[in-house]
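Report on the following structure.
The values are calculated or read from the model by the stated rules, or taken from the named source; none is laboratory data. Keep in mind that what you see is a predicted model, and the values were worked out from it rather than measured. Heads up, the Cβs are rebuilt from the backbone with ideal geometry, glycines too, and the neighbour counts pull from every protein chain shown. The accessibility values were calculated without ligands, DNA or RNA, using every heavy atom of the protein model including side chains. Shrake-Rupley method; radii C 1.70, N 1.55, O 1.52, S 1.80 Å.
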Amino acid sequence: MRHWRQRSSSVLTIVLAVLGLLLPDPGTAMTMDQFLASLDMIRNGCAPKFKLNIEDLDRLRVGDFNFPPSQDLMCYTKCVSLMAGTVNKKGEFNAAKALAQLPHLVPTEMIEMSKKSVEACRDAHKAFKESCERVYQTAKCLAENAEGKFMWP
């Protein structure tokens, strides 16, 4: 267990360090190219921990949640959300934190749509008990409310 925590912590540290390089000035908004690079980086940090089909990940990338998810896929969404700092270990979505993080997580052209999605989905997790499913269902809700502009790592 300790080895996993150290590895997980080091992956998060690397991801945050690279994101820091992508955004040299905290006052500078993320560009679309930086956003796409961060999606790939987060995917590469979480995907190896689970048994996943690249096709399923590619479907999530474009907001397509219209297929039965495996437990690993649902837990992958939790890993991503934990890295983004928008959920806790119980899979509870923190809308206030997500809204505060938006300028650091998405490019300027996606902020307003993202705010609307977060507001629409702030309580989506409450209908589910299992932590990975809570996060998956929240991500699905965000995609459904994103006016066709949703993207996932």
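Using the Kirkwood radius built from alpha carbon pairs, what does the Stokes-Einstein equation give as D for the range 38-153 at 4 °C and 1.567 mPa s, in µm² per second?
93 µm²/s
In this structure, the pairs whose alpha-carbon distance is over 21 Å, taken from LYS116/LYS149; LYS89/LYS140; LYS97/LYS126; LYS89/LYS115; LYS49/LYS78; LYS90/LYS149, are LYS89/LYS115; LYS90/LYS149. Here the accessible area of the range 50-153 is 52 percent carbon and sulfur, with a 1.4 angstrom probe and all protein chains present. A simple count of charges around VAL62, restricted to other residues whose Cβ falls under 15 Å of its Cβ and scoring Lys, Arg +1 and Asp, Glu -1, yields -2. Among residues other than TYR136 whose Cβ falls under 12 Å from its Cβ, what is the net charge (Lys/Arg +1, Asp/Glu -1)? Here the charged neighbours net out to -1. Between LYS89 and LYS129, full extension at 0.36 nm per residue minus the direct alpha carbon distance yields a gain of 13.2 nm. Normalised per residue, the accessible area of the range 20-149 is 52 Å², obtained with a 1.4 Å probe and no contribution from ligands, DNA or RNA.
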